[in-house]
1. Just wondering, is there one or more residues in region A:15-24 that are near DNA strand B (Cβ under 8 Å from one of its atoms), farther than 16 Å from A:SER89 by Cα and part of a helix (DSSP H, G or I)?
2. Just for region A:29-41: of the residues that are near DNA strand B (Cβ under 9 Å from one of its atoms) and either among the basic types (Lys, Arg) or not in a loop (DSSP other than H, G, I, E, B) (or both), which one is surrounded by the most Cβ atoms within 10 Å (Cβ to Cβ)?
3. Any residue that is surrounded by fewer than 18 Cβ atoms within 10 Å (Cβ to Cβ), over 11 Å from the mean Cα position of the chain (by Cα) and polar (S, T, N, Q) - is there at least one of those in region A:57-72?
4. If we keep just the residues of region A:73-100 that are of a type in the set (A, V, I, L, M) and surrounded by 12 or more Cβ atoms within 10 Å (Cβ to Cβ), which is farthest from A:LYS19 (Cα to Cα)?
5. Would you check if there is a residue in region A:19-28 being surrounded by fewer than 18 Cβ atoms within 10 Å (Cβ to Cβ) and over 11 Å from the mean Cα position of the chain (by Cα)?
6. Condition first: free of Cβ contacts under 8 Å to residues at least 40 places away in the same chain and either closer than 24 Å to A:ILE86 by Cβ or among the aromatic types (Phe, Trp, Tyr) (or both). Now tell me which residues in region A:1-26 satisfy that.
7. Evaluate region A:55-76: report whether one residue or more is touching a residue at least 40 places away in the same chain (Cβ under 8 Å) and basic (Lys, Arg).
8. Sort out which residues of region A:45-65 are at pLDDT below 90 and either part of a helix (DSSP H, G or I) or more than 16 Å from DNA strand C (Cβ to nearest atom) (or both), and write them in order of number.
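The values are calculated or read from the model by the stated rules, or taken from the named source; none is laboratory data. Here the structure is a predicted model, which is why all the values come from computation and not from measurement. Cβ: placed from backbone, ideal geometry, glycine included. Neighbour counts: every protein chain shown.
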Amino acid sequence: MTPFTEKVIHIIKNIPQGKVMTYGQVARLAGSPRAARQVVRILHSMSNNHHLPWHRVVNVKGEIVIKREDGFQEQKLNLEAEGVEIENSNKVNLETYQVKE
DNA sequence: GCCATGGCTAGTA
DNA sequence: GCCATGGCTAGTA
(Lines give C-alpha, C1' and ligand atoms only; values in the text may rest on other atoms or scores of the structure.)
Protein backbone atom coordinates (compact mmCIF):
# COMPACT_ATOMS: atom_id res chain seq x y z
CA MET A 1 0.00 0.00 0.00
CA THR A 2 1.51 3.29 -1.13
CA PRO A 3 1.46 6.59 0.82
CA PHE A 4 -1.05 8.15 -1.55
CA THR A 5 -3.37 5.18 -1.24
CA GLU A 6 -3.07 5.25 2.54
CA LYS A 7 -3.93 8.95 2.63
CA VAL A 8 -6.94 8.40 0.43
CA ILE A 9 -8.20 5.61 2.66
CA HIS A 10 -7.59 7.65 5.78
CA ILE A 11 -9.50 10.61 4.36
CA ILE A 12 -12.45 8.50 3.28
CA LYS A 13 -12.59 6.78 6.65
CA ASN A 14 -12.92 10.20 8.26
CA ILE A 15 -15.91 11.40 6.27
CA PRO A 16 -18.58 11.84 8.95
CA GLN A 17 -21.87 9.98 8.80
CA GLY A 18 -24.45 11.82 6.77
CA LYS A 19 -21.81 13.74 4.79
CA VAL A 20 -20.21 13.25 1.38
CA MET A 21 -17.00 14.18 -0.45
CA THR A 22 -16.26 14.28 -4.17
CA TYR A 23 -13.57 12.17 -5.84
CA GLY A 24 -11.63 15.30 -6.72
CA GLN A 25 -11.90 16.64 -3.20
CA VAL A 26 -10.43 13.46 -1.76
CA ALA A 27 -7.59 13.60 -4.28
CA ARG A 28 -6.90 17.22 -3.42
CA LEU A 29 -6.79 16.55 0.31
CA ALA A 30 -4.45 13.63 -0.34
CA GLY A 31 -2.08 16.03 -2.08
CA SER A 32 -2.70 15.19 -5.75
CA PRO A 33 -5.28 17.64 -7.10
CA ARG A 34 -5.60 15.91 -10.44
CA ALA A 35 -5.72 12.33 -9.28
CA ALA A 36 -9.49 12.02 -9.01
CA ARG A 37 -9.47 9.01 -11.31
CA GLN A 38 -6.95 7.32 -9.12
CA VAL A 39 -9.31 7.73 -6.18
CA VAL A 40 -11.91 6.03 -8.33
CA ARG A 41 -9.55 3.17 -9.05
CA ILE A 42 -8.71 2.66 -5.39
CA LEU A 43 -12.38 2.59 -4.45
CA HIS A 44 -13.19 0.26 -7.29
CA SER A 45 -10.44 -2.21 -6.45
CA MET A 46 -11.48 -2.14 -2.81
CA SER A 47 -15.17 -2.50 -3.45
CA ASN A 48 -15.01 -5.59 -1.29
CA ASN A 49 -14.17 -3.02 1.25
CA HIS A 50 -11.96 -2.71 4.26
CA HIS A 51 -14.79 -1.14 6.25
CA LEU A 52 -14.60 1.93 4.05
CA PRO A 53 -17.60 4.24 3.83
CA TRP A 54 -17.18 4.25 0.05
CA HIS A 55 -20.81 5.26 -0.40
CA ARG A 56 -19.96 8.73 0.93
CA VAL A 57 -17.96 9.62 -2.21
CA VAL A 58 -19.79 11.10 -5.21
CA ASN A 59 -18.83 13.05 -8.32
CA VAL A 60 -18.36 16.81 -8.54
CA LYS A 61 -22.05 17.36 -9.29
CA GLY A 62 -23.15 15.31 -6.31
CA GLU A 63 -24.29 12.40 -8.46
CA ILE A 64 -24.08 8.71 -7.68
CA VAL A 65 -22.17 7.44 -10.69
CA ILE A 66 -21.91 3.72 -10.07
CA LYS A 67 -23.34 1.32 -12.61
CA ARG A 68 -26.54 -0.39 -11.52
CA GLU A 69 -25.04 -3.91 -11.48
CA ASP A 70 -22.40 -2.77 -9.03
CA GLY A 71 -23.61 -0.83 -6.04
CA PHE A 72 -25.89 1.93 -7.22
CA GLN A 73 -28.82 0.89 -5.04
CA GLU A 74 -26.52 -0.01 -2.19
CA GLN A 75 -24.90 3.42 -2.23
CA LYS A 76 -28.26 5.14 -2.42
CA LEU A 77 -29.73 3.11 0.44
CA ASN A 78 -26.64 3.58 2.59
CA LEU A 79 -26.83 7.33 2.13
CA GLU A 80 -30.54 7.50 2.80
CA ALA A 81 -30.03 5.42 5.92
CA GLU A 82 -27.71 8.15 7.18
CA GLY A 83 -30.27 10.84 6.50
CA VAL A 84 -28.84 12.06 3.20
CA GLU A 85 -31.60 13.12 0.86
CA ILE A 86 -31.42 11.84 -2.75
CA GLU A 87 -32.84 14.18 -5.41
CA ASN A 88 -33.89 13.02 -8.88
CA SER A 89 -33.16 9.46 -7.73
CA ASN A 90 -29.38 9.83 -8.08
CA LYS A 91 -28.16 13.12 -6.70
CA VAL A 92 -27.28 14.71 -3.36
CA ASN A 93 -27.25 18.42 -2.62
CA LEU A 94 -23.59 19.32 -2.12
CA GLU A 95 -24.45 22.67 -0.54
CA THR A 96 -26.03 20.73 2.28
CA TYR A 97 -24.04 17.52 2.54
CA GLN A 98 -20.51 18.03 1.26
CA VAL A 99 -17.77 18.17 3.90
CA LYS A 100 -16.33 21.68 3.91
CA GLU A 101 -12.60 21.95 3.50
C1' DG B 1 -4.03 -0.11 -19.64
C1' DC B 2 -7.43 0.82 -16.06
C1' DC B 3 -10.91 3.87 -13.89
C1' DA B 4 -17.29 4.96 -9.84
C1' DT B 5 -13.38 12.08 -12.97
C1' DG B 6 -13.58 16.72 -14.27
C1' DG B 7 -13.33 20.62 -17.01
C1' DC B 8 -13.65 22.19 -21.29
C1' DT B 9 -15.74 23.15 -25.94
C1' DA B 10 -19.08 22.35 -29.74
C1' DG B 11 -23.30 22.62 -31.23
C1' DT B 12 -28.44 22.34 -30.59
C1' DA B 13 -32.70 24.77 -29.30
C1' DG C 1 -19.25 14.47 -25.91
C1' DC C 2 -14.20 14.74 -25.95
C1' DC C 3 -9.80 13.92 -23.89
C1' DA C 4 -5.85 14.96 -20.47
C1' DT C 5 -5.03 13.33 -16.10
C1' DG C 6 -2.11 10.06 -12.70
C1' DG C 7 -1.09 6.53 -9.49
C1' DC C 8 -1.23 1.86 -9.63
C1' DT C 9 -1.44 -3.10 -11.30
C1' DA C 10 -0.86 -6.74 -14.45
C1' DG C 11 1.96 -9.07 -16.84
C1' DT C 12 6.13 -9.44 -19.90
C1' DA C 13 11.27 -9.91 -20.02
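1. yes
2. Residue satisfying both the conditions and the ranking: A:VAL39.
3. No, there is no match, as no residue in region A:57-72 is surrounded by fewer than 18 Cβ atoms within 10 Å (Cβ to Cβ), over 11 Å from the mean Cα position of the chain (by Cα) and polar (S, T, N, Q).
4. A:LEU77
5. Scanning region A:19-28, I find no residue that is surrounded by fewer than 18 Cβ atoms within 10 Å (Cβ to Cβ) and over 11 Å from the mean Cα position of the chain (by Cα), so the answer is no.
6. A:PHE4, A:ILE11, A:ASN14, A:TYR23, A:GLY24, A:VAL26
7. Going residue by residue through region A:55-76, those that are touching a residue at least 40 places away in the same chain (Cβ under 8 Å) are A:56-57, A:62.
Applying the additional criterion that residues be basic (Lys, Arg) yields A:56.
Yes, region A:55-76 contains a residue that is touching a residue at least 40 places away in the same chain (Cβ under 8 Å) and basic (Lys, Arg).
8. A:SER45, A:HIS51
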